[in-house]
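Down below is the structure, laid out as structure tokens.
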Amino acid sequence: METSTEGVTEAHSGDTAAAEPPVVAGSTAAAGESATAGGRLAIAPASLSPSRASDFMQCPLLYRFRVIDRLPEKPSEAATRGTLVHSVLERLFDAPAAERTAPRAKSLVPGQWDRLRESRPEVVELFADDPEGERLARWLGEAERLVERWFTLEDPTRLEPAEREMFVEAQLDSGLKLRGIIDRVDVAPTGEVRIVDYKTGKAPRPEYAEGALFQMKFYALVVWRLKDVIPRRLQLVYLGSGDVLTYDPVLADLERVERKLHALWEAIREATETGDWRPRPTKLCGWCDHQAHCPEFGGTPPPYPLPVRAAGPEPAEGPAHGAAAS
Ligand code: SF4
């Protein structure tokens, strides 16, 4: 999954982008749909993940570029390190409990980096200008330090996760489909569920904690819908700063996030049908790969690849309006 911490988008192998449905329509394309600038057929968004929900809240145009146009993005060192660290923490649980030590976890880093390069060859570009390997060595060292810090926050010899990198998908009564990948799920002997997410960035300042918890409440809602159990605890583990943020959700939290997601989905549907995706510039634009296509930076978006709803007639003034107002 992914979150923005201090402007840096953190992603890993469980990035919910991977959990997004393909936007390629292929033979299922409806009449009027056309190809994206990348030559693929596009279809309207069909589900929501925490990452993409956050994208839309940050900037609707960014959402369009990622979900509908599927514009390519360059890998970043921070996001790729996040992916690497997540895969190490996941794999460590393959070992018997007593062997889940910091030295063992650090020893997994080179092998997981090799695997990552095989599965996503584009990450090799990150170090293309580093023939001596010095920057790569520093970067791997930072990944090791993040892995090591985890042992000051949790004790994996005392944990037996019920799930790691768990893909989840649930459909709400409205038909809205929610999906994503949860880093770790712990289940106590009493049946209480804890959802855990690792972040390789720093913990947000208290005034931004609600934004960080949005993703966790999203997952809590999905788990509740799937298993009819409200998770007892949501836990964010910040390896960058050595902080743990926890929240114990109640039913009202999940109902609130469900209402929020419905409103968000309605706004996404409206933008999809009208083609009206507004840019919303913020300081996070500095991290956006799409400035060249963004009107806020003098760019032009690619041609919109989906059919646009024709504007309807203006609502007529008449007795019905007067009656409604009275
Ligand atoms: S540059 Fe900023 S306003 Fe433009 S698409 Fe990216 S996030 Fe949105």
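We did not get these values from a lab; they are worked out from the coordinates using the rules stated. Every value quoted in this text rests on a predicted model; they were computed, and no experiment measured them. All Cβ positions, glycine included, derive from the backbone under ideal geometry; neighbour counts span all protein chains shown.
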Item to check | In sequence order, calculated HN-Hα J values of the range 75-91 (Karplus, 6.51, -1.76, 1.60; Hz; x Gly/Pro) | outcome: x, 10, 4, 5, 5, 5, 5, x, 4, 4, 5, 4, 5, 5, 5, 5, 5
Checklist outcome for this item: In this structure, the FRET efficiency calculated for residue 148 and residue 46 from their beta-carbon separation, with R0 = 56 Å, to the nearest 0.05, is 0.85
Checklist entry - What length, rounded to one decimal in nm, is gained on full extension from residue 209 through to residue 243, with 0.36 nm per residue of separation minus their alpha-carbon distance? => result 11.0 nm
Item to check | residue 119 paired with residue 226, simple spin-label distance in nm, labels 7 Å along Cα-to-beta-carbon | outcome: 1.8 nm
Checklist entry - Would you list 227, 217, 199 from fewest to most Cβ contacts within 10 Å? => result 227, 217, 199
Next on the checklist: Bins of 20 Å, beginning at zero and ending with the bin holding the largest distance: percent of Cα pairs per bin for the range 1-307, please.
Outcome noted: 31, 58, 11
Checklist entry - Among the listed pairs 106/227; 106/177; 199/227; 74/106; 106/283; 199/283, which are separated by more than 31 Å between their Cα atoms? => result 106/227; 106/177; 106/283
Next on the checklist: How would 101, 83 line up from fewest to most surrounding beta-carbon atoms within 10 angstrom?
Outcome noted: 101, 83
Checklist entry - At a Förster distance of 41 Å, what's the computed FRET efficiency of residue 255 paired with residue 202, Cβ-Cβ distance as r, to 0.05? => result 0.85
Item to check | Total charge dipole magnitude, the range 1-307, about the Cα centre, Cβ charges on Lys, Arg, Asp, Glu only, Debye to nearest 20 | outcome: 260 debye
